[in-house]
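A short write-up of the structure that comes next.
The values are calculated or read from the model by the stated rules, or taken from the named source; none is laboratory data. Since this is a predicted model, take the numbers as computed values, not measurements. Cβ atoms come from the backbone with ideal geometry, glycine included; neighbour counts cover every protein chain shown.
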Amino acid sequence: MAMNIPEPQIDSNVIDEMAKGYQASQVLYTALNYGIFSLLEEPRTAKEVSEEIGTDSGLTSKFLDALAALQLLSETDGRYTNTTLARTFLVKDEPFYQGNLVNLYANAYNAWSKLGQALKEGGMPQKPDEQKGVFDRSFILSMAEASTRGPLHRVVNSVGEIPEFKRAKRLLDLGGGHGLHAIAFAQSNPELEAVVFDLPPVVEVTGEFISQHGMKERVTVMAGDFDSDDIGNGYDVIFVSHSGFYHTRETIHGLLERIYGALNEGGILISNHWMLDDGKGSVTFALWHLWLSILGSPHHIYTRDEFVNLLKEERFSDVQMIDIATPEDPSTIVIAKKEVQ
């Protein structure tokens, strides 16, 4: 007699991966917090690891096996060591270390667990002291880590081909955070002097990056709030990346006016932001947009046409776009000129 229980015609694995994703995340977060990857630069047994970090040896063995299954560790004859993936991104002080970024995701876990409550209440607005934490040292480091794994290079390589950039002598990186864009721009154009403008606690960290890269002679910082403070003038290029242009329609006009006034005639504005057109099919974009809305952060994500119209309203001309979008980083570079009068 044939079985009479129906079988689905599509695979359920994608649902399974979503539902169980937190398990792998927690293994990763815990390994980082215990310093497992720095410890396993040299091969060690589970017993040696458990003695070093003060954990149960039997459970530690299973924990290390889970990390090996996730391709973060390799195991030979009972000794564990980092894979190339872990060595590249999870060992502290390595150039592409992502630990601060991973911890940023981990710290958001509790808020994401309250998504159902947020949907009923219209969000979970941050308290003033929580908002200040956005600009702490670990956040700036996490943004720097995110940029070094590809986005920074895509932006700098694209900007490096713009004729006005090649001729530029003075650049402002507005809301520049870690300052890596300004540093890389100055490295690309030996005639360029760059200024990184951001909030006072942010530029303290920026200065450290500038020193690390030996660029103190040509990259400087300016502390302030770009919504209210003077941003200077006489710039050939003003670069804005993932900061000011998520402003609402009510607040973005004032910022664009100040940028226009700070540019030399013939100077250009370069924007690097996520655009709604590019992000509609991106999981990264959709979850980020939801996250900002849950936190009650006033923001607006513009379509390309909306943003071009805003620029034209503020007298910018010759607007051009460079699509550098990837599924993980749906960014568009927009270039707009202040015409010579």
Q: Report those helices (runs of 4 or more DSSP H) wholly inside the range 1-88 carrying at least 3 residues which are surrounded by fewer than 17 Cβ atoms within 10 Å (Cβ to Cβ).
A: 13-33, 46-53, 57-69
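Let's see how each residue does on (1) polar (S, T, N, Q); (2) out of contact with any helix residue (DSSP H, G or I) (no Cβ under 9 Å at 6 or more places or on another chain); (3) buried (at least 23 other Cβ atoms within 10 Å of the Cβ):
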| site | (1), (2), (3) |
| --- | --- |
| His153 | no, no, no |
| Lys169 | no, yes, no |
| Glu193 | no, no, no |
| Val196 | no, no, yes |
| Gly207 | no, yes, no |
| His213 | no, no, no |
| Val219 | no, no, yes |
Q: Among the residues of the range 123-177, write down those that are modelled with pLDDT under 95, outside any helix (DSSP H, G or I) and either closer than 28 Å to Asp230 by Cα or among the polar types (S, T, N, Q) (or both).
A: Gln126, Lys127, Asp136
**Q.** Residue that is surrounded by the most Cβ atoms within 10 Å (Cβ to Cβ), among those in the range 286-341 that are in contact with a Pro (Cβ under 9 Å, 6 or more places away or on another chain) and either closer than 25 Å to Glu164 by Cβ or at pLDDT 95 or above (or both)
**A.** Ser331
Q: Any residue in the range 147-158 that's of a type in the set (S, T, N, Q): show its pairings with residues that are part of a helix (DSSP H, G or I) at Cβ separation under 6 Å, as long as the two are six or more apart or on different chains.
A: Ser147/Leu180
Q. Does Ala118 satisfy the criteria of being surrounded by fewer than 20 Cβ atoms within 10 Å (Cβ to Cβ), of a type outside the set (Val, Ile, Thr), within 30 Å of Leu90 (Cβ to Cβ) and not assigned by TED's automatic domain parsing to the domain that holds Asp225?
A. no
Q. Does at least one position in the range 100-117 carry a residue that is hydroxyl-bearing (Ser, Thr, Tyr) and free of Cβ contacts under 8 Å to residues at least 24 places away in the same chain?
A. yes
Q: Evaluate the range 195-216: report whether one residue or more is assigned by TED's automatic domain parsing to the domain that holds Ser138, part of a loop (DSSP other than H, G, I, E, B) and touching a strand residue (DSSP E or B) at 6+ places or on another chain (Cβ under 6 Å).
A: no
Q) Restricting the first residue to the range 172-184 and requiring it to be in the same structural domain as Glu161 (by TED's automatic domain parsing), which pairs with a second residue that is in a loop (DSSP other than H, G, I, E, B) and among the aliphatic types (A, V, I, L, M) meet a Cβ separation below 6 Å and a spacing of at least six or different chains? A) Ile183/Met215
(Q) Need a quick list: strands (runs of 3 or more DSSP E) entirely within the range 222-331 having at least 3 residues that are within 17 Å of Val196 (Cβ to Cβ). (A) 235-241, 263-274
Q) What do you reckon, is Pro95 at pLDDT 90 or above and closer than 20 Å to Gln212 by Cα? A) yes
